[in-house]
Structures are given as C-alpha cells and as structure tokens.
Amino acid sequence: MALILVVEDEAAIRDDIEDSLRFEGHEVIGVANGRLGLDAALTARPDLILSDINMPEMDGGQFLQAVRAQATEIANTPFVFLTAYADREAVIEGKKLGADDYITKPIDHELLIETVNAHLRQVRRLDDQKKQELEDLRRSVLDTFPHELRTPLNSVIGFSELLLGDLPGGKLSGPPREYVTLILESGQRLRELVERVLDLVAVTTGKLVPKEGEVACNELLEGCVRLHRAVAERRGVEIRVEVSPAMARLRSDEYFLRRAVGELLTNAVKFTTQGGRVTIVSEVLDGQPTIDVRDTGEGISEEALNRLGSPFFQENSGLARRHEGLGIGFSVARAFVETLGGRIEVQSTIRVGTTAKIRLNPDCLIA
C-alpha cells in the first residue's frame, strides 16, 4: 500500500481517480489545486503525486516546480501529470520541469493503475538499491577501518607506556609526564572502542558464534561487578548483585553473556550520579531466565528509547553531551543477546533511573 496525492480541480474526475486507487488498496489524499497540493505534500510526504496541469491558484507546472525546489524528501517523489490530449505542449514543458510521466484524459483506469504501480516499483527498487549500498559501505567501513587502527594504536600505547616507565637518565616528570599520561589514556580509550566495533561486526556478520556450555550465573555477575567496582567507587556509585537460586546455572555462552552484562553495567555506572546505586538482579520471570541491570541514574527520554540500539547514538550530542563514548555499548549488548536467541527490554523514567532487562530462552535454565 502506498500514499498517493491526487491534485485535480474537477471534483468528479478527482473522486473517480481516488476510488480506483483505493480499490487497489492505496491510501489517497485528494485536493483541488497546486497550492493545497503543496501543503498536503509537505505534511503527508506521499509516495507518488498525480496532478492536473490546468488548475486555479497554482497550476500543475508551478506545483511541480515548488515540489522539486523543496529541500525535503518530497523533492524526489514520483510526479505524474494528468492532461488532456490537446495539452501536448504542456506535457513537453512538464517533462522539462521534471515530471516523470503523464496520463491523458479521459482517464483509462487500467492504464492509471499500471502507471502508478510501475513508478512505485521503481521507487522500491531504488530504495532497496540505496539500502544495499549503504549496508555494503557500513560493513566495509566497520570491517576494515578498526583493523587499520590497531597497528598505530599499539605503537601509541606501547611507546607511551615506555616513556612513563624507567628510561636512561631518569623518569619523565612534570608537564611532560602529564602529557604522555593523557596520550596513553586516550589511546587506551580508542583501543577499547575499536575492540567494541570489531565485536559488533563479528557478531552481526556471523563471524563470532556462541558456544554453548554451562555458566555459573553468580560467578559471571560477580566477575562483571569486580571489573566495574573501581570506576563505580570513584564516581561514588554503589553496585549490588542479587542472584536467584533458580538462576544458579545456565546453558549458554559465557563470553556472550559476560560481554552483554558488562556493556549494560558500563552504561549504568556512567549515567548514575554520585550517591546512586546500580543493582544486577537475576531471576526467573514467566519461565524465562532474566538478568536486570537497574540504575538510579538520569533516565532516558521516550524519544531516545525509540532510537536506542542504533550504533553511535547518544541522547545528548554536541555541546550538550556530558559523557564520553559513542553510544555503541547498548548495540553491542543487544547483538550478543539476540545472537543467543534472547532480547533486551529497556524501561526508563527521567531522573528516576533505567532498567535494562536481558530475557533469555527458557531452555537456558538448568534444573
């Protein structure tokens, strides 16, 4: 089904065209002139426009020019003129202005439907091609660029560590030592990001697959907490773990689970202010093994929740951004969990906190 805008000043013809299109399952908006058509196009963003040429207030040619002049997505919307046989010169002029096709009056409804369907198929082909090109580019960049970063990063980190160690003639001190320390920390942060991107690519492309085994849930979660406790203490954030006896053992991939919980825990600690708390709770809900990462942090807006999981998305961007990172953590966690056959659900309230819930398949439980 497509949304089609019909711009025709003769009500009987417009109604007839609308009925034919609706019979084919399309959604239709009908208006009487180009001025109203432009308003409707900007508001509704139709998939295709059918327009008469000779109309009051704003004729078809002016309407077409106005559509093509827009900086929005309607500028490339397929545009088909409706014209009488005597309007040959108008058709030629319309083609010059950028019309994609025309249908003569009186309307042959079979021809109308086939013309509309042909243009909609072309739009879908172009959309599919564009999506495939973007996907190919994304995979190429993500698969190649991080690997190319590894070699210079290893040199930056390695030589920084060397400069901060014992050197002939003594150690670095004062501002030079501070500068090298900053270089080392920046290199380590960038290397961590590179490894995250590589893991995301490996999981989403099937290069990294889970290996099922027995997982001690309590040990896994305690291990994740140990890795984050130092950062949490520096931020004044408390971390707690609550493991249900029913979740003592799981049948899953330990590395995949540890990475998913670790990424969620990193975000929870990062967005929880001093005096706050992060709690990991494992329990069985409705027969499903579940691991919650709950925080008392800033919370996430409803708009941001809808975009959560898009790689490199952060709710606060630009000058308003208050935290380091590219927002890739949740994407990595979701990729690992979904590869295990589970899913992540997120609930959040501004200034109250966020809960990221990992829900695994029931067959992951070991009695």
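The values are calculated or read from the model by the stated rules, or taken from the named source; none is laboratory data. Only a predicted model underlies this, so the values are computations on that prediction, with no experimental measurement involved. Heads up, the Cβs are rebuilt from the backbone with ideal geometry, glycines too, and the neighbour counts pull from every protein chain shown.
Here are the numbers for this structure:
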{"item": "Whichever residue in region 325-367 is over 19 Å from ASN306 (Cβ atoms) and without any contact (Cβ under 8 Å) to a residue 40 or more places away in the chain and, among such residues, is surrounded by the most Cβ atoms within 10 Å (Cβ to Cβ)", "result": "GLY342"}
{"item": "Region 39-50 residues that are within 16 Å of GLN65 (Cα to Cα), paired with ones that are in a loop (DSSP other than H, G, I, E, B) and not small (Gly, Ala, Ser) (beta carbon under 6 Å, 6 or more apart)", "result": "LEU48/PRO78; ILE49/THR77"}
{"item": "Residue within region 163-171 that is under 30 Å from ILE280 (Cβ atoms) and either charged (D, E, K, R) or surrounded by 13 or more Cβ atoms within 10 Å (Cβ to Cβ) (or both) present", "result": "no"}
{"item": "Whichever residue in region 162-175 is at pLDDT below 85 and outside any loop (DSSP other than H, G, I, E, B) and, among such residues, is farthest from the chain's Cα centre (by Cα)", "result": "GLY174"}
{"item": "Pairs where the first residue, in region 233-254, is assigned by TED's automatic domain parsing to the domain that holds LYS270 and under 11 Å from CYS364 (Cα atoms) and the second is surrounded by 14 or more Cβ atoms within 10 Å (Cβ to Cβ) and among the polar types (S, T, N, Q), C-beta under 6 Å, 6+ apart", "result": "MET247/SER282"}
{"item": "Top-ranked residue in region 271-283 [being β-branched (Val, Ile, Thr) and in a loop (DSSP other than H, G, I, E, B); ranked as farthest from ALA248 (Cα to Cα)]", "result": "THR273"}
{"item": "Residue in region 58-72 that is modelled with pLDDT of 90 or more, over 37 Å from the mean Cα position of the chain (by Cα), within 20 Å of VAL116 (Cβ to Cβ) and not small (Gly, Ala, Ser) present", "result": "no"}
{"item": "Qualifying residue in region 92-103 (condition: assigned by TED's automatic domain parsing to the domain that holds PHE23, among the charged types (D, E, K, R) and closer than 21 Å to LEU3 by Cα)", "result": "yes"}
{"item": "Failed condition for LEU220, given (1) assigned to a helix (DSSP H, G or I); (2) more than 31 Å from the chain's Cα centre (by Cα); (3) of a type outside the set (Phe, Trp, Tyr)", "result": "(2)"}
{"item": "Selection from region 19-76 of residues that are part of a loop (DSSP other than H, G, I, E, B), of a type outside the set (S, T, N, Q) and farther than 20 Å from GLU93 by Cβ", "result": "GLU24, GLY25, HIS26, ALA32, ARG45, PRO46, ASP47, ALA71"}
{"item": "Residue in region 284-301 that is in a loop (DSSP other than H, G, I, E, B), within 25 Å of ASP199 (Cβ to Cβ), modelled with pLDDT of 90 or more and charged (D, E, K, R) present", "result": "no"}
{"item": "Which listed residue is surrounded by fewer than 18 Cβ atoms within 10 Å (Cβ to Cβ), of a type in the set (A, V, I, L, M) and in a helix (DSSP H, G or I), from ALA268, ALA260, ALA246, ALA232", "result": "ALA246"}
{"item": "Residue list for region 15-40, filter: small (Gly, Ala, Ser) and under 35 Å from the mean Cα position of the chain (by Cα)", "result": "GLY25, GLY30, GLY37, ALA40"}
